[in-house]
Amino acid sequence: GLFLSLRDDLAYQERLQPFAQVLQHLYDDASSLYHQGVSLGIPTGITALDHLLGGGLRKGTLCIVAARPGVGKSVLLGTLAVHALRQRVPAALFSLEMRGLEVAGRIVQQEVGLDYARLQAADWPRFAEGVGMLAEFPLWIDDSPRLAVEDLRTKVRRLYAQHALGLVCLDYLQLAETQQALDTRYLTLGHITRTLKQLAQELQIPIVVASQLGREADHRRPTLSDLRESGNQEADADVVLLLHRPHGVDNVPLVETEFILAKHRQGQTGTFTMVFHKAQLRFVPLTD
């Protein structure tokens, strides 16, 4: 405990830096962007989203992905994590709702195209090869059903120190807890998002959090005000992405889904449409 708190003190002191040093960082960022076309963020793999975000998920930012249940928040978080891993960015996925096996099964289904619970004899070679390939990924999955944000912070700091962690995903906010005794759910959620925002800034990595919208957003396009109901989500977030199915949730293999970038502290906002491919558990562009 003492070592960790000493290290935290050091990290805290290092945040105090001369303007010239900050300008040096800014210059380095600009020059890598200008000369090498290097992205300042981690690409999400969704071209339209990367375009709006100016390259992808920026370092030190808190991104909230909000939607009603069953619209694809978990799938999107898995997609973001896998895409980061493809760029060799180590990632951690905290899944409070699904067991680790289920999360892994979904990632295999996305990447290999096979559902591990329904394998035919002919699928086995492709399945085995796919799992072997994915095993190389520097991904950590935590499926503690009751997770306090303070414990998440400790685990993330440790992964960051030991494995240069570059992305954290949390699925989902309303299931997270805190060790602090706070009177209302509103204050609790506010404390959790603030802690996550501070952690993103401290380690200079993006943190992506799924958030469940209330029933009032059931039959209309969600807006930022739907987030204001619970905690400081909208205030703490650098990026808010709302997912919406304009034609409802039917038992069809392809579901049109609107991606509404409703808040973007560093740039533009906008809306575009993707198609959720149920069998492949992935979002594909509308034109495909």
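At-a-glance table
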read-out	value
Fluctuation leader among Leu175, Leu16, Leu119 - the chain, Gaussian network, Cα springs under 10 angstrom	Leu16
In degrees, nearest ten, helix 73-86 long axis to first principal axis of the chain (Cα)	70
Violating pairs (Cα-Cα greater than 22 angstrom) within the set Lys73/Lys263; Lys59/Lys278; Lys155/Lys263	Lys59/Lys278; Lys155/Lys263
Mean separation of Cα contacts under 8 Å (6+ apart) over length of the chain, as relative contact order %	22
Euclidean distance between Cα centres, segment 74-128 to segment 146-222, Å	22
Relative compactness, segment 240-288, computed as alpha-carbon Rg over 2.2 N^0.38 Å	1.24
Local electrostatic count at Leu96 - Lys and Arg +1, Asp and Glu -1, tallied over other residues with Cβ under 11 Å	-3
Square roots of 5 times each gyration tensor eigenvalue, C-alpha, segment 167-262, largest first, Å	26, 16, 12
Segment 78-130: C-alpha gyration tensor shape, a/c 1.5 cut-off, then a/b vs b/c	oblate
Cα gyration tensor shape of segment 50-89, rounded if a/c is under 1.5, else prolate or oblate by comparing a/b with b/c	oblate
Value of Rg to Rh for segment 69-220 (Rh from inverse mean 1/r over Cα pairs, i.e. Kirkwood)	1.01
Accessible area of Glu177 in the full protein assembly, 1.4 Å probe (Å², nearest 10)	60
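The values are calculated or read from the model by the stated rules, or taken from the named source; none is laboratory data. Here the structure is a predicted model, which is why all the values come from computation and not from measurement. Heads up, the Cβs are rebuilt from the backbone with ideal geometry, glycines too, and the neighbour counts pull from every protein chain shown. All accessible areas refer to the heavy atoms of the entire protein, side chains included, with ligands and DNA or RNA removed. Shrake-Rupley method; radii C 1.70, N 1.55, O 1.52, S 1.80 Å.
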